[in-house]
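Here is the structure we will look at, set down as structure tokens.
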Amino acid sequence: MAALLLDVEGTTTPLRFVQAVLFPYARAHAEEFLRRAAAAETQAFIASLRAEHAADGGGPPPWRAGDDLRSALEYAFWLMDRDRKSTALKALQGRVWEEGYRSGALRGEVYPDVPVAFARWRRQGRDIAIFSSGSVLAQKLIFGCSTAGDLRPYIRAYFDTTTGRKREADSYRRIAAALQRSPAEVLFVSDVVEELDAARAAGMQTALCVREGDAPAGGAHLVVHDLEAVCP
């Protein structure tokens, strides 16, 4: 296997860290960040959220005339409540988290087997890449400021929803091309079956990471319970 492509939440990083630490931190500090950031950056975030809001057919809260900041925050919180994979939201969360990591309020949590597996795969000459719905910035922060130290030197590339949706086969074809590999040379590891189905449709090899509980019956993907079992 020439390259390993890894999901983050539920694969390298516990779900509880993302859901109980990162998401609440972003919600608590988003308004403060937008009010304190450079005007151009704040306006760019507002514009991105407003554009997504205009195209959102899911019944979002109305955009308040004359109060773009409040409208952007209300829409961002609405997206958070529904765990929507919004590119604009993920970019905003990444910047809020960046300040949290820099201040020492946040440290990226990874499973204990992750740094061991990363070191082993690199010794074996395999590439490591990340594909997450979280922004590239958010990915680099988790691995760069992790409880296991700075893991970024092990990672060749990062991909987020600007590459494509995680449940669409074309996204995985683009990633393979970016890594200069055929899809068959890449193993994608995720805890989400629908993502693995899309990667397999693109020609990648796949492994379902089941950190807790039992694997679904009759699954089409190799099941692993930690990264020690992947390319040992």
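Of note:
- For region 18-103, alpha-carbon Rg and Dmax in angstrom: 12.2, 38
- On Cα atoms only, tilt of 23-36 relative to the major axis of the chain in degrees: 40 degrees
- All C-alpha to C-alpha distances of the chain, sorted into 10 Å bins beginning at zero, yield P(r) values of 8, 32, 34, 20, 7, 0 percent in whole numbers.
- Nearest 10 degrees, 0 to 90: helix 113-123 Cα axis against the chain principal axis: 60 degrees
- Pairs of alpha carbons in region 100-203 whose separation is greater than 20 Å (percent): 41 percent
- Helix 87-103 and the long axis of the chain differ in direction by around 90°, with both axes built from C-alpha atoms.
- Per-residue ellipticity at 222 nm from helix content only, as computed over the chain with -39500 (n - 2.57) for each DSSP H run of at least four residues, stands at -13500 deg cm²/dmol.
- Percent of alpha-carbon pairs separated by more than 16 Å within region 148-232: 56 percent
Readers should treat all values here as calculations from the given coordinates under stated rules, not as data from a laboratory. Not measured: the values here are computed from a predicted model.
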